[in-house]
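Remarks on the structure that follows.
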Amino acid sequence: MSKARASLTRTSLVHLALISYAIISVFPVFLTLINSMKDRNAIFRNPMQLPSPKTFDLVGYYTVLGQGDFATYFQNSFIVTVAAIALVLLFGAMAAFALSEYRFRGNTLMGLYLAIGIMIPIRLGTVAILQGMVATGLVNTLTALILVYTAQGIPLAVFILSEFMRTVSDDLKNAGRIDGLSEYSIFFRLVLPLVRPAMATVAVFTMIPIWNDLWFPLILAPSEATKTVTLGSQIFIGQFVTNWNAVLAALSLAIFPVLVLYLVFSRQLIRGITSGAVK
Amino acid sequence: MSNTPSTHDATGPIIKRPTRWHIVVFLLPAFIVYSAVMILPLIETLRLSLFNTVDGQSTFVGLGNFKVLFGDERWAHDFWNALKNNFIFFVIHMLVQNPMGVALAAMLSLPKLRFASFYRTAIFLPTLLSFVIVGFIWKLILSPIWGVSPFLMDLVGLKSLFSPWLGKPGSALIAVSLISVWQYVGIPMMLIYAALLNIPEEVIEAAECDGVTGWSQFWKIKLPLILPAIGIISILTFVGNFNAFDLVYTVQGALAGPDGSTDILGTLLYRTFFGFQLQLGDRSMGATIATVMFLIILAGVSLYLFVIQRRMRRYQF
């Protein structure tokens, strides 16, 4: 009897701790979202209150959408992220297939070479990357960002995907070979469809740092036409520091797509992390 | 590279095969992009750190740049300050973020815990937000102008303890570190959570049969089993911290104020390479700082790979 009560106390304490921390995690985001929809007075007088019909005001959003070029920023971020993920998945999967499927001289060496980038951040080469981009005339183009993010994503993609490709049955591939499929068709038609779950995991892991990166957009593509959402909101907020409505609205606009994507894909993401992609 | 026979016929006689071009085709795109955009620039940056402009010409100066960085009055102060701050930044992460991640994971992995997936989703949310969002939200919340923090602290009766932490040299670095911890605690939590789920039922049952439950079960059975995962999160934290830039930049600006008290190697590199306000950009010194960061990260990673990971006992189930 007393044991059951002790465990009940313990469970409630655990729930209490987890709820408190969950609130700490979500509260700042929630606070930003509710205040972005209030008028200036209400933001300061009652920051904790939900917007009521009396205090509801979208003036911040009008300022943001009227002043900043957020549509272009979103478009840039979208193009860069999608193109980089597509290249990382294609090139990464091809290299992973070569490393896991064939024995050839230099296989291990190539694997190690590609693994360096998992631990050493690409940022440390910025000085020479900028030089190279200037030399090739790629500064202030989205291509520069796509190239950098592709290079950044390849190491982890090769690592995770080759682990998964080792599990694809050899019999299946050999059956394909007997049926006269070329090595290319074996890769594209047999192996790729089978590792699709792993590709999804890699895509999520690759996407987050690209979408959120501030360093490379700031250095390689700071022009108005190539700003990403992250850089765009950073600069916009910097200019409108005193206009709280606009700042809160810009923050909410930047949070919104991430929030929606996360709520849709959180199950997949968490399963990807916990399924032992990193062991 | 591809002239050796494949192992598919390892048992048969060794036949000389024609070059297997498909291997080259599969490897080439990744190899080219990765080498051209990552490895070569990295090597070039390391090389540039040995050169400086003398009389308008790029000249080999050996370790001269490093001597200036470590010893010259103008540079050394900034550099050692940034290095010290970076180290404190890392220590705070190790002391707060990782133990908290372990604690949260331990609670989440309790069997038959209700709402576990809700907690997981909520606690992992900040990790997905960009530094810009996180930095500004916390700047607003901690701002004395808005008054959210004093109001909240009043609720628990601690209003008198409030001060504009981000604006004071003594507390700014701790405040920024804790914001970073808030954002990233989800990563150690998830990795440890995965490691805890991988512990087989039988081990736990055996422990329970021997009367090892609750706290002592965690300390004596589970913790030793998740040590490898703790090793991985430590090295990830190390690399991430010594490469950090974005959060300090969004919260405190490129000058990493107040009075350089939140300056870390990443912001120092940015200011040195690109220049800021009155300071002109300096490519050679930028490359030198990047090289020092590279060596620090390399030392940490090697220590982990060759010493810590080898000594760690791994249990096979």
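Where a number appears in this text, it was derived from the coordinates with a stated rule and is not lab data. Everything numeric here is computed off the predicted structure, so don't read it as measured data. Cβ coordinates were reconstructed from backbone atoms using ideal geometry, including for glycine residues, and neighbour counts include every protein chain displayed.
Summary of values
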| read-out | value |
| --- | --- |
| Centre separation in Å (Cα based) which lies between segment A:93-124 and segment B:171-204 | 29 Å |
| Simple label model, 7 Å out from Cα along Cβ direction - residue B:113 to residue A:185, nm | 5.1 nm |
| Added length on full extension, which subtracts the Cα-Cα distance from 0.36 nm per residue, residue A:11 to residue A:178 | 54.2 nm |
| Whichever aspartates and glutamates have a C-alpha closer than 12 Å to that of residue A:38, once near sequence neighbours (fewer than 8 apart) are set aside | A:57 |
| Likely footprinting exposure, B:93, A:15, B:77, fewest C-beta neighbours within 10 Å first | B:77, A:15, B:93 |
| On Cα atoms only, tilt of A:244-272 relative to the major axis of chain A in degrees | 40 degrees |
| Whole-Hz couplings from phi, Karplus 6.51/-1.76/1.60, listed for segment B:300-306; x for Gly and Pro | x, 5, 5, 4, 5, 5, 9 |
| Calculated [θ] (222 nm, deg cm²/dmol) that DSSP helices of n ≥ 4 give over the protein assembly as shown, each run adding -39,500 (n - 2.57) | -20500 deg cm²/dmol |
| In Hz, Karplus ³J(HN,Hα) per residue of segment B:99-107 (6.51, -1.76, 1.60; θ = phi - 60°; x = Gly, Pro) | x, 5, x, 5, 4, 4, 5, 4, 5 |
| The protein assembly as shown shape via C-alpha gyration tensor axes, a/c threshold 1.5 | oblate |
| Pairwise Lys count, chain B - Cα closer than 23 Å, eight or more residues apart or different chains | 7 |
| Orientation-averaged projected area, Cα convex hull of chain B (nm²) | 26.1 nm² |
| Chain lengthening between residue A:109 and residue A:59 when straightened (0.36 nm per residue, less Cα-Cα) | 12.2 nm |
| Amide H within-cut-off set for residue B:51, under 5 Å, with H built and near neighbours excluded | B:61 |
| Order of A:178, A:186, B:192 - criterion: other Cβ atoms within 10 Å of each residue's Cβ, fewest first | A:178, A:186, B:192 |
| Chain A pair-distance distribution - Cα-Cα, 10 Å bins, rounded % | 6, 21, 25, 22, 15, 9, 3, 0 |
| Three-way shape call for segment A:2-57 based on the alpha-carbon gyration tensor, with the a/c threshold at 1.5 | prolate |
| GNM top mover of B:297, B:204, B:92 - chain B, alpha-carbon springs below 10 Å | B:204 |
| Most mobile of B:139, B:67, B:84 in a GNM of chain B (Cα contacts under 10 Å) | B:67 |
| Kirkwood-based shape ratio for segment A:126-279, expressed as Rg/Rh from alpha carbons | 1.10 |
| 12 Å Cα-Cα reach of residue A:54 towards aspartates and glutamates, excluding residues that sit fewer than 8 places from it in its own chain | A:39 |
| Relative contact order computed over segment B:148-294 (Cα-Cα under 8 Å; 6+ residues apart), in percent | 19 percent |
| Dipole magnitude of the protein assembly as shown, debye to nearest 20 (Cβ charges: Lys/Arg +1, Asp/Glu -1, about Cα centre) | 1080 debye |
| Positive-pole candidate from A:129, A:149, A:168, dipole of segment A:73-177, charges at beta carbon | A:129 |
| Segment B:195-271, dipole about Cα centre (Lys/Arg Cβ +1, Asp/Glu Cβ -1), debye to the nearest 20 | 320 debye |
| Rounded FRET efficiency, nearest 0.05, which uses the C-beta distance separating residue A:267 from residue A:242 and R0 of 56 Å | 0.85 |
| Gain upon complete extension [residue B:160, residue B:216; 0.36 nm per residue less C-alpha separation] | 16.2 nm |
| Spacing of the two label points (7 Å from each Cα toward its C-beta) at residue A:167 and residue B:21, in nm | 3.5 nm |
| Helix axis angle, A:229-239 relative to chain A longest principal axis, alpha carbon, degrees | 30 degrees |
| Choice from B:146, B:75, B:165 showing the highest fluctuation, given a GNM over chain B with Cα pairs closer than 10 Å | B:146 |
| Per-residue Cβ neighbour rank within 10 angstrom, fewest leading, A:195, A:88 | A:195, A:88 |
| Unit charges on C-beta of K, R, D, E only; dipole of segment A:151-225, Debye | 160 debye |
